[in-house]
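Enquirer: After the C-alpha cells below, expect a handful of questions from me.
The values are calculated or read from the model by the stated rules, or taken from the named source; none is laboratory data. These numbers come from a predicted model, not from an experiment. As a convention, Cβ positions derive from the backbone with ideal geometry for all residues, glycine included, and neighbour counts pool all protein chains shown. For accessibility, only protein heavy atoms count, side chains too; no ligands or nucleic acids. Shrake-Rupley method; radii C 1.70, N 1.55, O 1.52, S 1.80 Å.
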Amino acid sequence: MMLKAQTGGWCLIILAIIAGVQLQENERSVQPASEPHVYRPALQPTETAPPIETYKHVEKSCIKATMGVQYIVIEKKKAWYYNLEPSRVRTGGSCGEEAAVLSLTLPDNAASLQLTFRKKGNIFYVSNLTAHLSPLPVCQGCSNKTYSGVLTNDKLFAAADGQSFKCKSENLLLMSPELRIRLVPLQIQAFTLLKGHYGKEVECWADFTQRVIPIILGATVVGLFLIAVTTCLFIRDRHREGYDRL
C-alpha cells in the first residue's frame, strides 16, 4: 500500500512539472512579438563632406555615377544635413535604348534618390531627379515626417554619348521648399560605357569659370601693368625731347 502511495505521489509531481512547463510555453506563445527595428537616418545640425562612392547599374553596364550625396532638410527655418551612407545603399534601375534609370535606396525605404536619363540623338542628360528622406524627428515631441521632391530638366548633366559629365564644383539642387540635394563631386555617364569605364570628360560650367576667371584676371592685371609702364616711358621720352629743343 505504501509503495502504491509513493508511486502515485511521484506521478502527481511529474504531471505538475509537465503542466507547468506547458503553461510557460503557452504564455510565451501569447506574448506579443517585439516590434522590428526600422532604420531611420539621423539628421545632423552641422554640415560635413559626404562620402564619395561609385554606383553602377547592377545588371547591365549602362550607368555609372561617382558622387557624394547630401540631403539638406529645412525644418523650423534651420538647415539639417544627412550624408548618404554608401554601405547601406541598394542599387537598382533599368536600361533602355533611349531611357535609363539609376535608383539608390536605403533599408526600409528610409531614403531614395532616382535619376532618369534620356538620350536624344548623340546627347544624353538627366531628365528627372526624384528624392525622398524619412529621418528621425529633429526634436523631442516632433512628429515623423517625410521630405520629398522632384526636379525636371531638359539638359541636366548633359554630355555627348560615350563621354562623361564631370563637375568638381558643388551641384545644389532644389527639390522642394523643404528638401535640397547636394552632389559633390560628380562624374556621371549613361547608355554607352566602353568596358565599364568613363569616356572623355565634359567639364561643367562652374569648373570652367573657376579655372578660366583667374587666368583672365591675371592676364588683365598684366595687361594693365604693361599699359602703365608703356605710358610712363612714352611720357618720359616726350619730356626728354622737349628739353633737347630748349
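Enquirer: Select from the stretch 88-110 the residues that are of a type in the set (S, T, N, Q) and buried (at least 18 other Cβ atoms within 10 Å of the Cβ) and list them in ascending order.
Expert: SER103
So that you can scan it fast, the table gives a plain yes or no per residue for (1) in contact with a Leu (Cβ under 7 Å, 6 or more places away or on another chain); (2) among the aliphatic types (A, V, I, L, M); (3) free of Cβ contacts under 8 Å to residues at least 24 places away in the same chain:
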| site | (1), (2), (3) |
| --- | --- |
| LEU106 | no, yes, no |
| SER112 | yes, no, yes |
| LEU115 | yes, yes, no |
| LYS120 | no, no, yes |
| ILE123 | no, yes, no |
| VAL126 | yes, yes, no |
| ALA131 | yes, yes, no |
| TYR147 | yes, no, no |
| THR152 | no, no, no |
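Enquirer: Separate question: Answer with yes or no whether ARG211 is modelled with pLDDT under 95 and either surrounded by fewer than 10 Cβ atoms within 10 Å (Cβ to Cβ) or among the charged types (D, E, K, R) (or both).
Expert: Here the answer is yes, as ARG211 does meet what is asked.
Enquirer: I need the full set of residues from the stretch 47-62 which are open to solvent by less than 70 Å² (accessible area, probe 1.4 Å), in a strand (DSSP E or B) and at pLDDT below 95, in order please.
Expert: Within the stretch 47-62, none qualify.
Enquirer: Here is a check on your reading of the model: is GLY93 assigned to a strand (DSSP E or B) and touching a His at 6+ places or on another chain (Cβ under 8 Å)?
Expert: Yes; evaluated as a whole, the condition is true for this residue.
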